[in-house]
Amino acid sequence: MWDVLWINAHLATMDGDTGYAAIEDGAIGVADGQIAWVGPRADLPGAADALARDVQDAGGRWVTPGLVDCHTHLVYGGNRAREFALRLDGASYEEIARAGGGILSTVTATRAADQETLLHDARRRLAALQAEGVTTVEIKSGYGLDAETECRMLRTAGLLGDAGIRVRRTYLGAHAIPLEFHGDADGYIDLVCDQVLPRVADAGLADAVDGFLETIAFTTAQITRVFETAHRHGLAVKLHADQLTDGDGAALAAEYGALSADHLEYTSEDGVEAMAEAGTVAVLLPGAFYTLRETKLPPIDAFRRHGVPMAVATDSNPGSAPVTSLLLMLNMACTLFRLTTAEALAGVTRNAADALGLRDVCGRLAPGLAADFVLWDIDDPAELCYRIGWNPRVMTVVGGKPLSPGDG
Ligand code: NIG
Ligand code: FE
């Protein structure tokens, strides 16, 4: 017997290759925190109250899988409102970074912040994501750069995980060259590969390793060393690739079987082909594109033609994407990148779960997956993408347990 049976719901199951894989007047049976049955109510194998201990009426609402934000930098100290003002005065993101601002200014603030402060600030940002139906979030380190602060960031990210949210952690040591290694990027990569990454892996503080391949960050040779070290320690890899210039990052990520390559505005067709062959997910970050007033669009048509799955995430960070709304990213993915509404929704559910190696855990309404889903007060799933600044969430169910608005 199931624990709960949800009836009278329209389901955007996202359990297909295209579209919403929608079921009108559907039902979801939940047992032991997992989805035990999903389908049209008319196909239920018996009378509702004979199937489950508890029957819940969704009131004709639409239900989607719990949303997955697969690329964030939620844990950091301080903020960069002053840098925002400088950019309004004409300074570019690269100029600010080269002058020691940008990521490095957040490194200074993060090193100075204790765990309690980091946790308090990150919790507020996470609460904003949860209020919009996020049930799984990826959180990167990368604003500590020394062993102690990187580990503090990852431990803080771990503490954010609780019964209401699944957290995946990513070690992003190769994010920027810290001041103490100025002019010696290779020396810093030695520290990452010989000391910090092994320590992070041994302590079980991360599920994956990420890097920033860019003219203002690290070279192909340096990222290659990081990826090889990650693999030796049994960790998956991901890459901030081709965000500001084409550095063949997509191809490098694909060569190492990366779960995802992220940003990708400058990725070439060859890079897209390599990703298709490797099964690497393209993570699109329209909030960073918007904030940096980028004009080069990621190669969306090429991703479609080559069958590369596209995910959409907030990239929530203090510099390029001070974003805490995944619903707004749905809108921007459609309006700025011309994704269809079904592609955008797949980008924050099925494909986002893939980008975290969680294909068999969450991201779809399908038997055997976690019973993580959201009830929305909408007439059509496209409404989640269409509105700006409107949150139609009625309720989130995580592991079969309801969370009401405000719980998150
Ligand atoms: O994903 N591209 C590199 N890293 C972040 C930005 C970090 C920052 O500006 O603080 C990103 O855009
Ligand atoms: Fe990022």
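Using heavy-atom solvent-accessible surface (probe 1.4 Å) with all chains present, what is the largest-first order of PHE337, PHE84?
My answer, sorted largest first, is PHE84, PHE337.
In square nanometres, what is the average projected area of the Cα convex hull of segment 1-126?
Answer in nm², one decimal: 12.7.
Where is the GNM fluctuation largest for the chain (alpha-carbon springs, 10 angstrom cutoff): SER141, SER105, SER325?
SER105
Mind checking the dipole of segment 1-61: about its Cα centre, +1 per Lys or Arg Cβ, -1 per Asp or Glu Cβ, Debye to the nearest 20? Let's see the in-between values first.
Numbers: 3 positive and 10 negative charges, 17 e Å.
It works out to roughly 80 debye.
Would you look at the GNM of the chain, springs on alpha carbons closer than 10 Å, and say which of ASN331, ASN351, ASN391 moves the most?
ASN391
Considering only protein heavy atoms, with the full assembly of protein chains and a 1.4 angstrom probe, order LEU104, LEU358 by accessible area, largest first.
Largest to smallest exposure gives the sequence LEU104, LEU358.
Which whole-number value in Å³ per residue fits the convex hull of the alpha carbons of segment 225-294?
Given the Cα convex hull of segment 225-294, per-residue volume reads 81 Å³.
Starting from the residue with the highest accessible area, list ILE216, ILE388, ILE378 in decreasing order, probe 1.4 Å.
Reading off the accessible areas and sorting them downward yields ILE388, ILE216, ILE378.
Against the globular-protein guess of 2.2 N^0.38 Å, express the Cα radius of gyration of the chain as a ratio, rounded to two decimals.
Against the compact-globule rule of thumb, the ratio is 0.97.
Please grab the % of Cα pairs in segment 161-236 that end up more than 20 Å from each other.
Percentage above 20 Å: 31.
Place +1 on the Cβ of every Lys and Arg and -1 on the Cβ of every Asp and Glu in the chain, take the dipole about the Cα centre, and give the residue among ALA12, GLN115, ALA217 whose Cα lies farthest towards its positive end.
Final value for the positive-end residue is GLN115.
Under the rule of -39500 (n - 2.57) per DSSP H run of 4 or more residues, summed and divided by the residues of the chain, what mean residue ellipticity at 222 nm is obtained, to the nearest 500 deg cm²/dmol?
Helix-only estimate at 222 nm: -9500 deg cm²/dmol.
The values are calculated or read from the model by the stated rules, or taken from the named source; none is laboratory data. Since the structure is predicted, the reported quantities are computational estimates derived from the model, not experimental observations. Backbone-built Cβ (ideal geometry, glycine too); neighbour counts: all protein chains shown. Note: accessible area is taken over every heavy atom of the protein model, side chains too, but ligands, DNA and RNA are not part of it. Shrake-Rupley method; radii C 1.70, N 1.55, O 1.52, S 1.80 Å.
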